[in-house]
Structure formats: C-alpha cells, structure tokens
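Undergrad: Just dropping this structure here.
Each reported figure results from applying straightforward, stated rules to the coordinates on display, with no laboratory input. Since the model is a prediction, treat every value here as computed from it, not as a measurement. Cβ placement follows ideal geometry from the backbone for every residue including glycine, while neighbour counts extend to all protein chains displayed.
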C-alpha cells in the first residue's frame with residue numbers, strides 16, 4: 001500500500017507543481033491578470049507550490065526504503081519524473097489547445113518508461 005500512497009501523492013503533487021509553474025501562462029489571457037507585477041505572479045505560484053510540497057514530502061517519506069517504503073531514492077526520482085511529465089502532458093493538452101504531440105515527444109516518453117523499467121531491474 002505504501003507504493004500506491006506514494007504514487008498517488010506524487011500525482012497530486014505534480015498537478016499542483018504543473019499549475020504553479022505553467023498555469024500563469026494560461027492566466028495571462030484573463031483580463032487584468034496580465035497587468036499583475038511579476039512578483040505577484042511569483043507569489044501566486046509559490047502559494048500553489050506550497051500544496052505541491054505538502055504532497056511531495058510525504059510521498060518521498062512514505063515511499064523511501066529508509067523509512068520502510070518500497071522504493072530506493074533513485075527509483076523515487078525516476079517515478080517522480082515520469083509522473084511529472086505525464087501530468088504535464090495531460091494539463092498542457094487541456095489548458096493549451098494549440099499544443100500537439102509529435103512522434104519525438106512520444107519516443108521521449110517511451111524512453112522515460114524504459115528508464116523506470118531499468119531502474120527497477122535487479
């Protein structure tokens with residue numbers, strides 16, 4: 001169950017991370033938002049990133065073998081990267097309709113999945 005909790009928390013964390021890092025680019029289209037000073041946009045993103053850390057830190061603590069979890073530190077990082085890029089792709093496709101996936105994007109994603117396979121090999 002710790003593995004499932006870890007991955008679920010990583011998914012939640014990466015939703016907040018993606019929205020904090022890239023959501024403001026979509027908000028530029030909202031009237032008045034484009035006039036916000038950069039520091040206000042940074043503060044808004046930091047506020048969203050707080051919730052990322054509220055899920056990321058427990059995910060790593062629960063999942064890490066040193067705390068009784070099923071994943072090594074390297075495995076946690078590779079899993080996080082795959083989750084991050086998956087969530088990014090889904091959110092970017094939903095928010096930015098002009099983005100399309102090309103063959104090289106799919107090939108890169110396959111390489112990441114292979115990275116997960118290799119990092120779990122004994």
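Undergrad: Relative to the present Cα-Cα distance, how much length would full extension add between residue 25 and residue 61 at 0.36 nm per residue of separation?
TA: 9.8 nm
Undergrad: Any idea how far apart residue 43 and residue 107 come out in nm if each label point goes 7 Å out from Cα toward Cβ?
TA: With each label point 7 Å from Cα toward Cβ, the separation is 4.6 nm.
Undergrad: Would you mind classifying region 1-55 by shape? Square roots of the alpha carbon gyration tensor eigenvalues, ordered a ≥ b ≥ c; an a/c under 1.5 is rounded, otherwise it is prolate if a/b is larger than b/c and oblate if not. List each step's numbers first, then the result.
TA: Details: a/c = 5.34, a/b = 2.72, b/c = 1.97.
Cα axes put region 1-55 in the prolate bin.
Undergrad: Multiply the residue gap between residue 34 and residue 96 by 0.36 nm, knock off their C-alpha separation, and tell me the result in nm, one decimal place. Each step should come with its number before you reach the end.
TA: Values: separation 62, 0.36 × 62 = 22.32 nm, distance 1.69 nm.
Result: 20.6 nm gained on full extension.
Undergrad: With r defined as the distance between the Cβ atoms of residue 115 and residue 11 and R0 fixed at 22 Å, what FRET efficiency is calculated, to the nearest 0.05?
TA: Numbers: r = 18 Å, r/R0 = 0.82.
Approximately 0.75, to the nearest 0.05.
Undergrad: Okay, next question. For helix 103-120, what angle does its Cα long axis make with the longest principal axis of the chain, in degrees from 0 to 90 and rounded to 10?
TA: Approximately 40 degrees, to the nearest ten.
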